[in-house]
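Trainee: Mind having a look at this structure? Questions to follow.
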Amino acid sequence: MGGRVGARGGTGVVTDDHGQKMTDPSPKLAYPRVPDSAVGTLGFLKAVRRNGVSIYGPDVFAKPISRRKVGRQHFVLLNRPDYIEHVLLSHVDNYPKGRLNRRILGPALGQGLLTAEGDFWRRQRRIAAPAFQHARLIGLADTMVASSAGLATRWQAPAEGGEALDVAHEMMALTMEIVALALFSHDIGDRIEPLGAAVGTLIGSLGRPHVFDLAGLPEWLPRRRDPAVTAALSYLDSAIAEILAARRARPETPGQGSGNDLLGMLLDTRDADTGEGMSDRQLRDEIVTLFAAGHETTANTLAWIWYLLAMHPEAEARLHGELDAVLGGRDPGYADLEALPYTRMVAEEAMRLYPPAYSISRVAAADDVIDGHAIPKGSFINVSPWVTQRNPTLWPEPGRFDPERFMPAQVKARSRYAYFPFGGGPRICIGNGFALMEARLILATLAQRYRLALVPGQDIEPLGRITLRPSNGLHMTLQRRGGG
């Protein structure tokens, strides 16, 4: 089922979508439409293509392992922290990303960080890592806040006129502006809307895996490509080419080579053995990866944060109280983040309930055994933050929004892989620090100045297409606050 909302909040219930009893009535939150009973192969394939997160029926959330066979392909869902650690960390060499991941993401991302494997991936990761170091992130905070403050100013007119905005779309545009400025020192201006549309087209289409791939049929069998995907890829390539041309035409700053941002580092890097730099194709793949992953996931996290705060006025009031007490109406900075613990907890709890990367896939390169469970070679392995972060054996009342789950003592008491919205092991998201800092600074900047209320009657469903976004956007009205 989806979640049709009333004015603010929702209908109090005493059980959540996992059938877990709740100690106090809480609003029932947006949830995907899942089959009422176990589905066969055809129903499974239809569900994957309609909404990837809807394949997780209520029976899987408390089970440590679930299996399904589709055609020649074995699917294994692992749902215990030690099983997840086995795949993502301790036996990572036996669990590469594999063919299905390549078929889904490869057309857009090529051999970027999210799709590359082996020595090539390790080389690219080493090159990109310096741009995401702590000292570099501190320097990006002002860019994030300045862009957020600009959006807050643009929101004044719709707030005064009572105009509803698609806040999911607003967050997409904002985070794309930030990623362009912070990672590439490039203001993409009037390209924001078409770039956002192109990335949305790719996620919407490529996030619906082809039946041939799900069934494990040979890659040489032809798959039809959506013409809209071809057009979106063409537009992205032209935009990236423009950014590269502009950078190469820019005079160099003494002592900084091609630039002090990630693009500059990628342009300047040389292979230690050959002395060669990246090809234009390699540069293109990394830039598209960072454009797409660098804005899409944070934008979705923020959209769900606004939704959850609108559904929980008491949490919203506590957040506003913290922001008012610490910031007193001024814009936040990096140095303020430590003094805003509840702001952090709100973001982390939102990523528990609505993880932007809801599913992580691997393939077993060789036969394996996990805690007595045989994993045949070639099995498609799925570890899902959506499932594990709602596992009732790990999270009491898993369907309830409760930021205090992320108090330091509770975090310390939990298994490391009970919560993994950014993945884990050596392939943990390279931009996780960037994303969490960005979400908190945007939230602090905008929530000081506005309350956001859901437009009544809209049908909100989490839609799994590579990332987890509200299916029909998120329409909200703005109310000006006293601070900021």
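Trainee: Could you work out how much longer the chain between Thr230 and Ala409 gets when fully extended? Use 0.36 nm per residue separation minus the Cα distance between them, nm to one decimal. Don't skip to the answer; put the middle values down first.
Mentor: Numbers: separation 179, 0.36 × 179 = 64.44 nm, distance 4.93 nm.
So the extension gain works out to 59.5 nm.
Trainee: Nearest 20 debye, what's the magnitude of the dipole of the chain about its Cα centre given +1 on Lys and Arg Cβ and -1 on Asp and Glu Cβ?
Mentor: 1320
Trainee: Further, regarding this structure: Can you give me the long-range amide H partners of Ser26? Hydrogens built in the peptide plane at 1.01 Å from N, cutoff under 5 Å, separation of 5 or more residues or another chain.
Mentor: Val13
Trainee: When the Karplus curve 6.51 cos²θ - 1.76 cosθ + 1.60 is applied with θ = phi - 60°, which whole-Hz ³J(HN,Hα) does each residue of segment 378-395 get, with x for Gly and Pro?
Mentor: Residue by residue, segment 378-395 yields x, 5, 8, 9, 10, 10, 10, x, 4, 7, 5, 6, 10, 6, x, 7, 10, 10 Hz.
Trainee: Which trypsin sites (Lys or Arg not before Pro) from segment 387-471 combine a DSSP loop assignment with at most 16 other Cβ atoms within 10 Å?
Mentor: The qualifying sites are Arg414.
Trainee: Determine the share of the chain's accessible area contributed by carbon and sulfur atoms, expressed in whole percent, with a 1.4 angstrom probe.
Mentor: Roughly 55 percent of what the probe reaches on the chain is carbon or sulfur.
Trainee: Turning to a different aspect of this structure: Counting Lys +1, Arg +1, Asp -1, Glu -1, what net charge surrounds Pro426 among other residues with beta carbon under 9 Å of its beta carbon?
Mentor: +3
Trainee: Further question on the same structure: Any of Lys63/Lys97; Lys28/Lys63; Lys69/Lys97 with alpha carbons more than 27 Å apart? Name them for me.
Mentor: none
Trainee: Can you give the net charge of the other residues whose Cβ lies under 10 Å from the Cβ of Gly482, counting K and R as +1 and D and E as -1?
Mentor: Net local charge, Gly482 excluded: +2.
Trainee: Hey, can you find the accessible area per residue of the chain for me, probe 1.4 Å, expressed in square angstrom?
Mentor: 41
Trainee: Taking only C-alpha pairs under 8 Å that are 6+ residues apart, what is the relative contact order of segment 361-433 in percent?
Mentor: Value for segment 361-433: 20 percent.
Trainee: A 29 angstrom limit on the alpha carbon distance is what I want to check against. Which of Lys46/Lys377; Lys377/Lys412; Lys46/Lys412 exceed it? Kindly include the intermediate steps, with their values, before the conclusion.
Mentor: Values: Lys46/Lys377 26 Å; Lys377/Lys412 35 Å; Lys46/Lys412 40 Å.
Pairs exceeding the cut-off: Lys377/Lys412; Lys46/Lys412.
Trainee: Let me ask something else. From the Cα gyration tensor of segment 362-429, with a ≥ b ≥ c the square roots of its eigenvalues, which class applies: rounded if a/c is under 1.5, or else prolate if a/b is larger than b/c, or else oblate?
Mentor: Judged from the Cα gyration tensor, segment 362-429 comes out prolate (a/c at least 1.5, a/b above b/c).
Trainee: Rank these residues by their accessible area, most exposed first, probe 1.4 Å: Glu404, Glu397, Glu338.
Mentor: Largest accessible area first, the residues go Glu338, Glu404, Glu397.
Trainee: Note the listed values [x] 23.3; [y] 22.7; [z] 25.0, then indicate which one is Kirkwood radius over Cα pairs in Å calculated from this particular structure.
Mentor: Read-out taken from this structure: [x].
The values are calculated or read from the model by the stated rules, or taken from the named source; none is laboratory data. Remember, predicted model here, so these are calculated numbers, not experimental data. In this analysis, Cβ positions are derived from the backbone assuming ideal geometry, glycine residues included, and neighbour counts consider all displayed protein chains. Areas reflect the complete protein model, heavy atoms only, side chains present, ligands, DNA and RNA absent. Shrake-Rupley method; radii C 1.70, N 1.55, O 1.52, S 1.80 Å.
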